[in-house]
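Readers should treat all values here as calculations from the given coordinates under stated rules, not as data from a laboratory. Values in this document were obtained by computation on a predicted structure and should not be read as measured data. Positions of Cβ are backbone-derived with ideal geometry, glycine not excepted, and every protein chain shown enters the neighbour counts.
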Amino acid sequence: MFIDPNQGAGVPTDQPASVTLPDHNYEDVRLLLLGSLIAVQNTIALLFKLNYAEPNDWSRPLATGRPNEVMAILTKRVRVD
C-alpha cells in the first residue's frame with residue numbers, strides 16, 4: 001500500500017488530530033465481606049455473575065479472630081459523575 005509522504009501515516013484527514021476524552025471523576029470504594037468462608041465465597045461468585053467484580057480482584061479470605069468468620073476486601077474504582 002502506498003502512503004503519500006505529505007500525509008500523516010494512519011491519521012485520517014477528516015478528523016481532528018487530537019481527540020479530547022470526556023473528563024470523568026473517579027473515586028475508590030472498598031467493599032468488606034464478613035461471614036463464614038462459604039458465605040463470603042458465594043457472595044463473591046454472585047457479584048462476579050452480576051459483572052461487578054472479578055473473583056481475583058478480592059483479597060484472599062482473612063481470619064477475623066471470631067469463630068467461623070473470615071473477611072474479604074475489594075477496592076474498586078467507580079465513576080462518580
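Observations
- Applying both filters, DSSP loop and at most 16 other Cβ atoms within 10 Å, to the chymotrypsin sites (Phe, Trp or Tyr not before Pro) of the stretch 19-71 gives TYR52.
- The length gained by stretching the chain between GLU27 and ALA39 to full extension, at 0.36 nm per residue less their Cα-Cα distance, is 1.6 nm.
- In this structure the amide hydrogen of GLU69, modeled in the peptide plane, comes within under 5 Å of the amide hydrogens of THR64, none closer than 5 places in sequence on its chain.
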